[in-house]
Amino acid sequence: MTDDAILFGGTANPALAEAVARELGISLAPCTVERFPDGELSVRLGRSVRRREVFVLQATAPPVNDHLMELLSFADACRRSAAARVIAVVPYFGYARADKREGRREPVTASLVAALMETAGISHVLTVDIHSAQMEGFFRIPMDTLSAVGLLCGALRGRLPEGTTVVSPDAGRVKTASEFAERLGLPLAVLNKHRESGTRTRVTHIVGDVRGRACLIVDDMISTGGTIVESAEALRGAGASGPIVVAATHGLLMGDACRRMAVHGVEEIVLTDSVPVRGAEGPRVRTVTLAPLLAEGIRRAAGEPGTS
């Protein structure tokens with residue numbers, strides 16, 4: 001970090017913000033975030049940001065709208081306080097799935113969020129394993145997407161059963177699954193799906209051999225666990241007989257997601273701390289921190305030479 005750079009942490013993931021600050025060898029800048037009884041939000045910066053480069057670390061995790069509004073308020077406060085530049089560090093980017101219209105009378109909410117962030121004064125966005133790569137096209141400002149695949153593979157290496165196959169749950173995750181397979185030296189299988197309705201899909205066939213093998217299902221995020229459950233059922237139906245392990249960057253784990261996955265044979269879930277991992281009954285959950293990755297991204301965005 002340069003001497004002119006400042007890091008604020010929002011309320012979405014204060015533990016991660018503190019960990020990133022420690023990686024950078026600095027302290028988080030003081031700030032106050034208040035929520036009033038009627039739901040309105042107040043953000044107050046605790047130090048001057050005039051002509052300074054400001055980083056705001058805030059995932060737009062559930063409750064997405066509250067945390068998004070908090071990020072926008074931070075940016076507006078920095079802009080009005082004459083910050084030289086405001087860089088949003090968004091480990092998990094909510095609304096990234098809303099990148100197209102399924103019908104004619106629907107919004108493209110991802111584009112709307114990008115416009116709001118620019119209007120609030122954000123001049124650069126750093127995020128991790130965003131759901132839709134085309135999000136970058138919605139911004140007129142720089143957007144950098146960091147990858148947690150290396151961190152997740154490091155956490156998995158040497159711990160998977162012999163004869164494991166990496167599984168992409170759909171065609172959209174093939175590139176990521178291929179990188180896992182290459183890094184871990186494992187074969188790859190892909191689930192082919194047919195969409196039966198706007199909310200329902202069915203696995204029609206599997207490309208690759210999973211019979212008698214353990215499986216590592218990889219995805220960018222786990223919300224309700226529906227994709228993982230569907231994938232696990234298809235893999236068991238195709239003869240997979242070893243443990244099923246899941247690796248994902250963003251573990252939202254809404255509702256009874258962990259219990260549902262456990263019922264369908266998922267034994268372990270490996271996640272990052274992009275959002276706080278909710279404690280829940282079900283498979284064993286292991287978490288790897290994004291702090292070193294985000295700290296390196298911040299150093300590079302601040303113009304400081306990388307350390308690796």
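The values are calculated or read from the model by the stated rules, or taken from the named source; none is laboratory data. Small disclaimer: the values here were computed from a predicted structure and weren't measured. Every residue, glycine as well, gets a Cβ built from its backbone with ideal geometry; the counts of neighbours run over all protein chains shown.
Key figures for this structure:
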{"item": "Residue match in region 19-40 (condition: within 28 Å of Thr272 (Cα to Cα), at pLDDT below 95, of a type in the set (A, V, I, L, M) and not in a loop (DSSP other than H, G, I, E, B))", "result": "no"}
{"item": "Any hit, region 83-93, residues being aliphatic (A, V, I, L, M), farther than 19 Å from Asp4 by Cα and surrounded by 24 or more Cβ atoms within 10 Å (Cβ to Cβ)", "result": "yes"}
{"item": "Some residue of region 174-182 being crowded, with 17+ Cβ neighbours inside 10 Å, in the same structural domain as Ala19 (by TED's automatic domain parsing), within 20 Å of Met221 (Cβ to Cβ) and under 20 Å from the mean Cα position of the chain (by Cα)", "result": "no"}
{"item": "Selected residue [under 24 Å from Ile222 (Cβ atoms) and surrounded by fewer than 22 Cβ atoms within 10 Å (Cβ to Cβ)] from Ala29, Ala15", "result": "Ala15"}
{"item": "Yes/no for Leu235 being over 22 Å from the mean Cα position of the chain (by Cα) and surrounded by 24 or more Cβ atoms within 10 Å (Cβ to Cβ)", "result": "yes"}
{"item": "Residue list for region 238-269, filter: assigned to a loop (DSSP other than H, G, I, E, B), surrounded by fewer than 21 Cβ atoms within 10 Å (Cβ to Cβ) and among the hydrophobic types (A, V, I, L, M, F, W, C)", "result": "Ala238, Met254"}
{"item": "Number of the exception - Glu34 against (1) loosely packed, with under 13 Cβ neighbours inside 10 Å; (2) under 18 Å from Ile87 (Cβ atoms); (3) free of Cβ contacts under 8 Å to residues at least 24 places away in the same chain", "result": "(2)"}
{"item": "Top-ranked residue in region 1-18 [being touching a residue at least 60 places away in the same chain (Cβ under 8 Å) and assigned to a helix (DSSP H, G or I); ranked as nearest to the chain's Cα centre (by Cα)]", "result": "Leu16"}
{"item": "Which numbered condition Thr2 fails, given (1) more than 16 Å from Asp76 (Cβ to Cβ); (2) β-branched (Val, Ile, Thr); (3) at pLDDT 95 or above", "result": "(3)"}
{"item": "Filtered residues of region 286-302 (kept if part of a helix (DSSP H, G or I), surrounded by fewer than 17 Cβ atoms within 10 Å (Cβ to Cβ) and of a type in the set (Lys, Arg))", "result": "Arg300"}
{"item": "Criterion (at pLDDT below 95 and of a type in the set (A, V, I, L, M, F, W, C)) met by exactly one of Ala59, Ala114, Ala133", "result": "Ala133"}
{"item": "Output for region 48-79, where each listed residue is of a type outside the set (Ser, Thr, Tyr), assigned to a loop (DSSP other than H, G, I, E, B), over 24 Å from the mean Cα position of the chain (by Cα) and surrounded by 12 or more Cβ atoms within 10 Å (Cβ to Cβ)", "result": "Val49, Arg52"}
{"item": "Subset of region 80-111 that is in a loop (DSSP other than H, G, I, E, B), aliphatic (A, V, I, L, M) and closer than 22 Å to Thr176 by Cβ - its residue that is modelled with the lowest pLDDT", "result": "Ala98"}
{"item": "Test: residue in region 66-77 that is out of contact with any helix residue (DSSP H, G or I) (no Cβ under 9 Å at 6 or more places or on another chain) and farther than 23 Å from Asp273 by Cβ", "result": "yes"}
{"item": "Qualifying residues in region 147-171 (those that are surrounded by 15 or more Cβ atoms within 10 Å (Cβ to Cβ) and modelled with pLDDT under 95) - the one farthest from Ala240 (Cα to Cα)", "result": "Asp170"}
{"item": "Residues of region 172-209 classified as assigned to a loop (DSSP other than H, G, I, E, B), of a type outside the set (Gly, Ala, Ser) and modelled with pLDDT of 95 or more, total", "result": "2"}
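Residues are listed down the side, and each one gets a yes or a no for (1) over 30 Å from Asp209 (Cβ atoms); (2) modelled with pLDDT of 95 or more; (3) of a type in the set (Phe, Trp, Tyr):
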position	(1), (2), (3)
Gly251	no, yes, no
Cys258	no, no, no
Thr272	no, yes, no
Gly282	no, no, no
Val285	no, no, no
Glu304	yes, no, no
